[in-house]
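Every number in this text was worked out from the coordinates using simple rules, so none of it is lab data. Owing to the predicted nature of the structure, the values given are computational and were not obtained by experimental measurement. Every residue, glycine as well, gets a Cβ built from its backbone with ideal geometry; the counts of neighbours run over all protein chains shown.
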Amino acid sequence: MIEFLTALLVIITAFYAWATFHILKANKAVVNLMAEQSEALTRPYVTVGTFLMPDSPIFTLRITNTGKTPALNLKLTLDRDFQKYGRNSEEDNLSSFVAFNEKIDSFPPGSELYFDLAQSFVIFGKDTDKATTPSVFSIVAEYGFGNKTVTEKNIIDLRPYYMSNLPDNPYVDQLKKLRESIDKAGDRIQKGVENLKK
């Protein structure tokens with residue numbers, strides 16, 4: 001009988017060891033997942049994109065840190081030249097700008113860089129030189145946080161904007177109307193003052 005109980009105890013102990021091992025593995029997986037989620041919530045995210053201002057045909061490139069911590073040693077690289085406004089000079093070549101030639105030691109959360117590219121009629125015009133104002137190009141952002149380094153390729157594709165409407169902002173329209181009204185009132189006041197002087 002003692003042999004039977006000993007054998008049963010060995011089987012139960014083996015089961016507990018097996019169950020404890022699997023529970024330990026599951027807990028380790030949960031801890032790793034929580035660490036990844038915590039990192040995802042607190043790490044920097046350098047986003048690169050373009051936009052059009054309301055009532056303006058100028059494409060603007062925006063580089064932003066939308067994360068919660070600084071992007072360290074940020075290096076931005078263009079895959080080809082882009083001549084600002086289609087002007088063919090070295091000072092208008094986006095790839096020669098400091099932001100694309102030197103590492104940025106720390107790019108804090110919420111920081112933004114803006115670069116005007118060109119008007120839509122320059123990028124999509126019939127006589128446009130695609131080598132100076134390409135409608136598709138990419139920017140690689142390489143940066144670090146903690147003990148990790150991230151390399152992200154951002155493709156800038158302006159082609160979907162071709163033949164699209166400019167964004168309209170009703171506040172801008174109202175401000176224009178208000179300015180016109182103020183200009184008219186100012187002209188009337190000036191005429192009234194001139195008439196009083198006579």
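Okay, here's what the table says:
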{"read-out": "Calculated FRET efficiency for the pair residue 72/residue 116, C-beta based, R₀ 30 Å, to 0.05", "value": "0.65"}
{"read-out": "Relative contact order (%) - the stretch 29-94, alpha-carbon pairs under 8 angstrom, separation at least six", "value": "24"}
{"read-out": "Highest to lowest packing among 17-23, 77-83, scored as the average C-beta count within 10 Å", "value": "77-83, 17-23"}
{"read-out": "Distance between modelled label sites at residue 13 and residue 53, nm, 7 Å Cα→Cβ extension", "value": "7.9"}
{"read-out": "Per-peptide average of other Cβ atoms within 10 Å, ordering 68-76, 86-94 highest first", "value": "68-76, 86-94"}
{"read-out": "Size of electric dipole in the chain: Cβ of Lys, Arg +1 and of Asp, Glu -1, about Cα centre, debye, nearest 20", "value": "560"}
{"read-out": "Phi to ³J(HN,Hα) by Karplus 6.51 cos²θ - 1.76 cosθ + 1.60 over the stretch 129-140, Hz, x for Gly, Pro", "value": "8, 5, 6, 9, 10, x, 8, 9, 7, 10, 10, 9"}
{"read-out": "Nearest-ten-degree value, helix 170-197 long axis tilted from longest Cα axis of the chain", "value": "30"}
{"read-out": "³J(HN,Hα) computed for each position of the stretch 145-152 - Karplus, 6.51 cos²θ - 1.76 cosθ + 1.60, integer Hz, glycine/proline x", "value": "7, x, 10, 10, 10, 10, 10, 10"}
{"read-out": "For the stretch 44-172: relative contact order, % (alpha-carbon pairs under 8 angstrom, 6 or more apart)", "value": "31"}
{"read-out": "Residues in the stretch 106-139 reached by a label modelled at residue 152 [backbone nitrogen below 14 Å; 7 Å Cα→Cβ]", "value": "107-113, 139"}
{"read-out": "Hz values of 3J(HN,Hα) by residue in the stretch 49-64 - Karplus curve (6.51, -1.76, 1.60), Gly and Pro given as x", "value": "x, 10, 7, 10, 6, x, 6, 9, x, 8, 6, 10, 8, 10, 10, 9"}
{"read-out": "Calculated FRET value between residue 180 and residue 37, using beta carbons and R₀ = 41 Å, to 0.05", "value": "0.15"}
{"read-out": "Descending principal axes extents, the chain, alpha-carbon based, whole Å", "value": "129, 46, 35"}
{"read-out": "Within the stretch 35-145: Cβ-based charge dipole about Cα centre, in debye rounded to nearest 20 (Lys, Arg +1; Asp, Glu -1)", "value": "180"}
